[in-house]
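Everything below concerns the one structure shown next.
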Amino acid sequence: MDSEQHSSAQRDAVRELRLHLVTWNVGTASPPPDVTSLLQLDSPSPAIDILQEVNSRITNFLSDLVFDDPWSIFFMTVLSPLGYIKLSSIRMQGLLLLIFVKHDHLPFIRDVRTNYTRTGLYGYWGNKGGVTVRMSLYGHTICFINCHLPAHMENTEQRLDDFEKILEMQFEEENVPSTLDHDVLFWFGDLNFRIADYGIHFVRESINNKRYNLLWEKDQLNMAKKKEAFLQEFIEGPLQFKPTYKFDLHSDVYDTSEKKRKPAWTDRILWRVKSLCQHASKEDDFSEEEQTISVTLNNYISHMSYGISDHKPVTGTFGIELKPLLSDPLVTLSPEGEWSSERDVFISYSAVPGFPSSAWDWIGLFKVTFRHANDYVTYAWVEDDEISSNEDSKQVYMSAAEIPDMGGKFLLCYYSNNLQSIVGISQPFQIQPNRTSIGKDLAQEENAWMQKPDNLESHNEF
C-alpha cells in the first residue's frame, strides 16, 4: 500500500478516545492525599486519553499568579508518571481549567487557544465567569468551558444571562471558530442552579429515599432547558446521584449550619454536538455516515468520599468516536545512533510539505515523565543548531555538555512557534550513562568523605 492510500485508510478508520472530565468547587482547600478513584486511575476500562480537571474558587490566587498553583502541581505529579502531559491550563482568579493528554495524541492536537470572560461586578471582576480552552483534535474542533455562575436561588436569570455572555466570547486569532461553531462543546463547572419550590424537608427526604427523579422537574437548569432555545442544544446525563451541595466539611452530611442550605445539583457537566444541532434545524434525513464525530456518555457520577470542600466532585466519562481528518504528524523525528554525554549527539527530522516552520522552532529533550512543554532537559534550535539538510530530512545537534551524565529514558519533541504546540514526538529511547564522568564523581565523593576530620581519624586507626 503506498503512503497516499495508507493515509486515506487511516482517515477512513474510526478512532475511539476516552475523555474523563472532573468538576469540583474546592474552595480554598489543598489537594486531597489520593485521587485514584476521582481520576479512574484504577479503572479496568481502557486508559483515559484526555483528562480535564476543573476547580472553582481557589481564592488565594495572588500568590499563584507567577507560579503554578498547588492543584496544577499536584495533578502533574500524579499524572506525568502515567504518560500524561499538561496540554493547556487557564486560570481567572478563582477559576482553573487543566487539560492533560496522553503523549501519543500530541502531534494531532493543534491550534490550542485559551480565553476567559469575567461576569462578576458587571464584567470587571473575575470571581464569576468562564474560562475556555479550545483545540483541534485529529482535525475536529473541540471547546471546553468551565463556568462559575452567580449563586442563590433567585438568580436564575442572571446565571442564564452570564452564560449567554460567555458563549458570545470570541477568540482573538483568525481562523478560530466562535464557541458555538466548534464540532463539540463541553460546558461544566459550579453552575449554581438550585431546586426551586420544594421545601428543604421534602428535598432531603427524596434524597434519603434515593428518589432523585422527584426533584428533577424543579431543578432550575432542567426548567430553563425547556424554555431557552440555546440551552436545548445541550445534553446532560441523568442526575442519578445525590445533589452535590452543600455539605459539612469532611462528611456526607448536608449543611447543619444556621443557614441550612437546601441541597442542590450545582455542579454539572453538559455537552453539545454541532452536527446534531444542524440536523435538528433541517428536515432532510441525517445519516450516521455524515457524522464524523460522536460523543457518548459512559458514566456521570459524584464522589462522596471527598470531603475537603462543601461541594462533592462530579465526573463524566465520555467515549468520543471520530474519523481522523489528520493521519500524519507535521514533523517526524528520531535520535541518531547511541546517545551519551561522552560526545555530541544528533537528531534527524522531516516535516510535511508546506509546514510553517520558524527560526524560533526548537527540539526539546524530555524525560519520559515530563509534565508540560517547557519541562525539557535541554533543547536545540532547528535553524541555529542545524548541521545538514536535504530534501528528505534535516539534522541538528545537541552538545555533549547538555546531555545528562546519568542517562535514562527520554524522548524528543518538536515545538512549533507558529502553532504554539508540540507537533512531533519521537519514540522513547535510552541515553547511556557516562561511565567516565560517573566514575570521577564517585571518586570525588569518596575523596571528600575521606577528607572529613572524623573519617581521617578512624582511617588512621587501622
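The values are calculated or read from the model by the stated rules, or taken from the named source; none is laboratory data. Model, not experiment: these values are computed from the prediction. Cβ atoms come from the backbone with ideal geometry, glycine included; neighbour counts cover every protein chain shown. Only protein heavy atoms, including side chains, enter the accessible area calculation; ligands, DNA and RNA are left aside. Shrake-Rupley method; radii C 1.70, N 1.55, O 1.52, S 1.80 Å.
Tabulated results
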{"read-out": "Sole exception among (1) within 30 Å of the chain's Cα centre (by Cα); (2) in a helix (DSSP H, G or I); (3) touching a residue at least 12 places away in the same chain (Cβ under 8 Å) for Met223, by number", "value": "(1)"}
{"read-out": "Among residues of region 332-372, those that are of a type in the set (Phe, Trp, Tyr) and under 25 Å from the mean Cα position of the chain (by Cα), counted", "value": "3"}
{"read-out": "So Phe410, is it modelled with pLDDT of 95 or more, open to solvent by less than 50 Å² (accessible area, probe 1.4 Å) and assigned to a strand (DSSP E or B)", "value": "yes"}
{"read-out": "Residue in region 379-406 that is nearest to Arg343 (Cα to Cα), counting only those that are in contact with a helix residue (DSSP H, G or I) (Cβ under 9 Å, 6 or more places away or on another chain) and of a type outside the set (A, V, I, L, M, F, W, C)", "value": "Asp405"}
{"read-out": "Condition met for Pro177 (of a type outside the set (S, T, N, Q), outside any helix (DSSP H, G or I), closer than 24 Å to Ser275 by Cβ and touching a residue at least 60 places away in the same chain (Cβ under 8 Å))", "value": "no"}
{"read-out": "Region 331-378, residues that are of a type in the set (Ser, Thr, Tyr) and open to solvent by less than 60 Å² (accessible area, probe 1.4 Å)", "value": "Ser334, Ser340, Ser341, Ser348, Tyr349, Ser350, Ser358, Thr378"}
{"read-out": "Residue selected from region 226-269 under the condition in a loop (DSSP other than H, G, I, E, B) and among the aliphatic types (A, V, I, L, M), by the criterion nearest to the chain's Cα centre (by Cα)", "value": "Leu239"}
{"read-out": "All positions within region 254-275 that are of a type outside the set (Ser, Thr, Tyr) and open to solvent by 70 Å² or more (accessible area, probe 1.4 Å)", "value": "Glu258, Lys259, Lys260"}
{"read-out": "Complete set of residues in region 81-109 that are open to solvent by 30 Å² or more (accessible area, probe 1.4 Å), within 21 Å of Phe370 (Cα to Cα) and outside any helix (DSSP H, G or I)", "value": "Leu87, Ser89, Lys102"}
{"read-out": "Residues of region 301-324 classified as within 19 Å of Glu16 (Cβ to Cβ) and among the aromatic types (Phe, Trp, Tyr), total", "value": "1"}
{"read-out": "Answer from Gln5, Gln40, Gln52 - the residue that is under 29 Å from Thr244 (Cβ atoms) and at pLDDT below 90", "value": "Gln52"}
{"read-out": "Residue within region 174-197 that is open to solvent by 30 Å² or more (accessible area, probe 1.4 Å) and closer than 18 Å to Ile269 by Cα present", "value": "yes"}
{"read-out": "Val382, sole failed condition from (1) open to solvent by 20 Å² or more (accessible area, probe 1.4 Å); (2) over 29 Å from Val78 (Cα atoms)", "value": "(1)"}
{"read-out": "Residue that is nearest to Asp248 (Cα to Cα), among those in region 19-29 that are among the polar types (S, T, N, Q) and either under 19 Å from the mean Cα position of the chain (by Cα) or crowded, with 17+ Cβ neighbours inside 10 Å (or both)", "value": "Asn25"}
{"read-out": "Of the criteria (1) surrounded by 14 or more Cβ atoms within 10 Å (Cβ to Cβ); (2) without any contact (Cβ under 8 Å) to a residue 40 or more places away in the chain, which one Asn213 fails", "value": "(1)"}
